[in-house]
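Engineer: Please see the structure below; I have some questions.
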Amino acid sequence: MDYDQNVAAADREATAFIDAVAAGPMGESIPSCPAWTMADLAEHVGTFMGWWTAVICEGAGRAKPDHDDGPEPDQLLAWLSKIHGDMVDVLGSSTPDIEIWTWADDKSVAFAGRRIANELGIHRYDAQLARGTQRPLDADLAASIIDEIETIVGINGDLSAVSGETIHLHATDGDGEWVIEMYPHGFRLRREHAKSDLALRGAVSDLALTLYGRPTIATIEEIGDAKALAAWQQVWPW
């Protein structure tokens, strides 16, 4: 997706997330993040949006919005909505080539736009799952989430226990195919068709959700050695 598409996706996913948060009790547990309640998830997402908003403002040389930390429970929705609005305003008024701090090699607002959209897509699903209203990820967003995996694992993954396992992802609702290779010395993701230890076939949304350890909407077809998926879950246990 290009920058404008990522900004639109970030807005859409944040809006749906806030709607899900508002749809029930804040103390409800999150099945896909069992250590968290809805209030915990909401505070995490609000902090995430606010942090990236401040990073972009700093790079662009503009004033950072004033966001309170740790809102009172009865102010949580208002806090989320304000941060959401500020985030969309800052993303929408920035150009993707502005240089900012990131934890990756890519030091651009474009990187932040994709990272924000992808994270919000996963957590929107988490919130809807808790409410029993989960909807699939948009296909383009799901493909972006898969494409980003190599960057994410390169920073935060744990390759200490893998030994060359490979996984082929095959989207049945489009032309997306990927191969994941996991070695102790490095991780690689390629967009191609290739024989692997394990093949996963399903909707691209369900493939992305599987990589993030989330329950899928439909069943994923698994062909081959299930140990490869267990190895992936050790690399990226999120």
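The values are calculated or read from the model by the stated rules, or taken from the named source; none is laboratory data. Predicted model, so just to flag it, every value in this text is computed and none were measured. A quick note on method: Cβ atoms are made from the backbone with ideal geometry, for glycine too, and the neighbour counts reach across all protein chains shown.
Engineer: Does residue 169 count as over 30 Å from residue 19 (Cα atoms), surrounded by 18 or more Cβ atoms within 10 Å (Cβ to Cβ), not small (Gly, Ala, Ser) and not assigned by TED's automatic domain parsing to the domain that holds residue 104?
Structural biologist: yes
Engineer: How many of the residues in region 51-97 are closer than 21 Å to residue 25 by Cβ, out of contact with any His (no Cβ under 9 Å at 6 or more places or on another chain) and free of Cβ contacts under 8 Å to residues at least 40 places away in the same chain?
Structural biologist: 6
Engineer: In this structure, does residue 137 turn out to be in a loop (DSSP other than H, G, I, E, B) and closer than 17 Å to residue 237 by Cβ?
Structural biologist: When the stated conditions are applied, residue 137 does not pass them.
Engineer: Shifting gears a bit: Whether any residue in region 2-21 is surrounded by fewer than 18 Cβ atoms within 10 Å (Cβ to Cβ), over 13 Å from residue 121 (Cβ atoms) and hydrophobic (A, V, I, L, M, F, W, C) is what I want to check.
Structural biologist: no
Engineer: Also, quick follow-up: Please find, within region 187-238, the residue that is surrounded by the fewest Cβ atoms within 10 Å (Cβ to Cβ) out of those that are of a type in the set (Val, Ile, Thr) and over 19 Å from the mean Cα position of the chain (by Cα).
Structural biologist: 219
Engineer: With the requirement that a residue be in contact (Cβ under 8 Å) with a residue 40 or more places away in the chain and in a loop (DSSP other than H, G, I, E, B), what does region 208-224 give you?
Structural biologist: 212, 213, 214, 215, 217
Engineer: Here's a follow-up. For region 190-207, enumerate the residues that are in a loop (DSSP other than H, G, I, E, B) and either free of Cβ contacts under 8 Å to residues at least 12 places away in the same chain or hydroxyl-bearing (Ser, Thr, Tyr) (or both).
Structural biologist: Of everything in region 190-207, just one residue is in a loop (DSSP other than H, G, I, E, B) and either free of Cβ contacts under 8 Å to residues at least 12 places away in the same chain or hydroxyl-bearing (Ser, Thr, Tyr) (or both), namely 196.
Engineer: Could you please find all residues in region 170-185 being in contact (Cβ under 8 Å) with a residue 40 or more places away in the chain and farther than 12 Å from residue 234 by Cα?
Structural biologist: 180
Engineer: Which condition does residue 132 not pass, out of (1) in contact (Cβ under 8 Å) with a residue 40 or more places away in the chain; (2) within 26 Å of residue 29 (Cβ to Cβ); (3) surrounded by fewer than 16 Cβ atoms within 10 Å (Cβ to Cβ), if it passes all the others?
Structural biologist: Of everything listed in (1) in contact (Cβ under 8 Å) with a residue 40 or more places away in the chain; (2) within 26 Å of residue 29 (Cβ to Cβ); (3) surrounded by fewer than 16 Cβ atoms within 10 Å (Cβ to Cβ), residue 132 misses just condition (1).
Engineer: Of the residues that make up region 107-126, is at least one under 22 Å from residue 21 (Cα atoms), outside the structural domain of residue 207 (by TED's automatic domain parsing) and touching a strand residue (DSSP E or B) at 6+ places or on another chain (Cβ under 8 Å)?
Structural biologist: Checked region 107-126: at least one residue is under 22 Å from residue 21 (Cα atoms), outside the structural domain of residue 207 (by TED's automatic domain parsing) and touching a strand residue (DSSP E or B) at 6+ places or on another chain (Cβ under 8 Å).
This table checks each residue for (1) among the aromatic types (Phe, Trp, Tyr); (2) assigned to a loop (DSSP other than H, G, I, E, B); (3) modelled with pLDDT under 95; (4) surrounded by fewer than 19 Cβ atoms within 10 Å (Cβ to Cβ).
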position	(1), (2), (3), (4)
95	no, yes, no, yes
104	no, yes, yes, yes
113	no, no, no, no
121	no, no, no, no
125	yes, no, no, no
141	no, no, no, no
150	no, no, yes, yes
160	no, yes, yes, yes
175	no, yes, yes, yes
